[in-house]
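Undergrad: Take this structure first; my questions come after.
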Amino acid sequence: MTTIRQEDLIQSVADALQFISYYHPVDFIKSLAEAYEREQAPAAKDAIAQLLINSRMCAEGHRPLCQDTGIVTVFLKVGMDVHIAGTLPLEEMINEGVRRAYLLPENKLRASVLADPAGARKNTKDNTPAVLNVSLVPGDKLEVIVAAKGGGSEAKSKFVMLNPSDSVVEWVLKTVPTMGAGWCPPGILGIGIGGTAEKAMLLAKESLMEKIDIHDLKARGAKNRAEELRLELYEKVNALGIGAQGLGGLTTVLDVKVRDYPTHAANLPVAMIPNCAATRHAHFVLDGSGPVALEPPSLKDWPSLTYNPAGARRVNLDTVTRDEAATWKPGEVRCSRASCLPAATPRTSA
């Protein structure tokens, strides 16, 4: 029997939420860098460059990747030989970790969670409560996945109950363009198929916690229908040409994840949840030895870019008017600094 202290779980959750507020997962950084190298559309390439440079700056300065620091989702796999020693209910332990993370004086995170969602919509002030999913599994460890999901991408979540003869691919390709750029691509699509309505949504959300590995899958080939769908949808969604930040181009999704589950003979439930360019999740295991310290990525994991926009339009933020803003075009670069230097160029140092 492994004993895990309440305080170790709380502090590990808090530390993980701070960690993911300013560090992208390394697989995401590398996939975005590959997309930058492939991209041909100037506006999309410019947008990806900004995302990568912002990501590195946040890593260096320990500041949030996005002003929307998300609603917290936690997945726990509790070993059946684990004892959690404490006085709080499990859900309250998680919420205390969220509270500590979002109120940390050195890097306060935006509290976006509102109580009474269909009524007063009053801010809870500390981003609690989290959304908690718990499963009991064999073993003597506690596996934890912590994620912070932005409201823009969550708002584009979709669910449909198809007929068994309907095409999942056709529904996805019809639906993704209706999502516009509000989910902040390039990101990841999580798709859940089967079960019941709520199971399909959970499958889609869980799939977003997986590592980006679409190129590995392409290299080895699909082994089942879910993997076939991943490959087909990855190619066909990117072929839609929505592109980075909706500006066109080659990369709308960095990966497509598909999870399935047995379902009723009369049903084909399908859920689709996107993850935005601020993809934030961390995975760790508590084994009773104390709180977990996550290892930061190396700055060498980021490509060497600086941002020098070419042909940017100067904007005076003190005098800008609605009429002036109405003349701005999608993909156009605007600058409020004293000078705007010319396109993304290699850095001279790491």
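The values are calculated or read from the model by the stated rules, or taken from the named source; none is laboratory data. Fair warning: this is a prediction, and the values are worked out from it, not measured in the lab. Glycine also receives a Cβ, built like all others from the backbone with ideal geometry; neighbour counts cover every protein chain displayed.
Undergrad: Restricting the first residue to the stretch 202-220 and requiring it to be more than 18 Å from Ala277 (Cβ to Cβ) and modelled with pLDDT under 95, which pairs with a second residue that is part of a helix (DSSP H, G or I) and β-branched (Val, Ile, Thr) meet a Cβ separation below 7 Å and a spacing of at least six or different chains?
TA: Every condition considered, no pair remains.
Undergrad: Taking Leu136, is it touching an Asp or Glu at 6+ places or on another chain (Cβ under 7 Å) and assigned to a strand (DSSP E or B)?
TA: So Leu136 fails the test.
Undergrad: What do you reckon, is Leu88 hydrophobic (A, V, I, L, M, F, W, C), under 16 Å from Gln11 (Cα atoms) and touching a strand residue (DSSP E or B) at 6+ places or on another chain (Cβ under 6 Å)?
TA: No; evaluated as a whole, the condition is false for this residue.
Undergrad: While we're here: List the strands (runs of 3 or more DSSP E) that sit entirely inside the stretch 235-339 and contain at least 2 residues that are closer than 22 Å to Arg56 by Cα and of a type outside the set (D, E, K, R).
TA: Answer list for the stretch 235-339: 253-261, 281-286.
Conditions tested, residue by residue: (1) hydrophobic (A, V, I, L, M, F, W, C); (2) modelled with pLDDT of 95 or more.
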{"site": "Met272", "(1), (2)": "yes, yes"}
{"site": "Thr306", "(1), (2)": "no, no"}
{"site": "Ala310", "(1), (2)": "yes, no"}
{"site": "Arg337", "(1), (2)": "no, no"}
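Undergrad: Still on this structure, I have one more. Based on this model, can you work out whether Gly119 counts as exposed (fewer than 13 other Cβ atoms within 10 Å of the Cβ), on the phi < 0 side of the Ramachandran plot and either among the small types (Gly, Ala, Ser) or part of a helix (DSSP H, G or I) (or both)?
TA: Yes: the conditions hold for Gly119.
Undergrad: Starting from the stretch 17-44, keep only residues that are without any contact (Cβ under 8 Å) to a residue 60 or more places away in the chain and in a helix (DSSP H, G or I), then list their pairs with residues that are among the polar types (S, T, N, Q) and surrounded by 17 or more Cβ atoms within 10 Å (Cβ to Cβ) whose Cβ atoms are within a distance under 8 Å, requiring at least 6 positions of separation or different chains.
TA: Note: no pairs meet the criteria.
One line per residue, one yes/no per condition, for (1) within 24 Å of Gly190 (Cα to Cα); (2) at pLDDT 95 or above; (3) over 20 Å from the mean Cα position of the chain (by Cα):
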{"residue": "Gly86", "(1), (2), (3)": "no, yes, yes"}
{"residue": "Glu92", "(1), (2), (3)": "no, yes, yes"}
{"residue": "Val98", "(1), (2), (3)": "no, yes, no"}
{"residue": "Leu136", "(1), (2), (3)": "yes, yes, yes"}
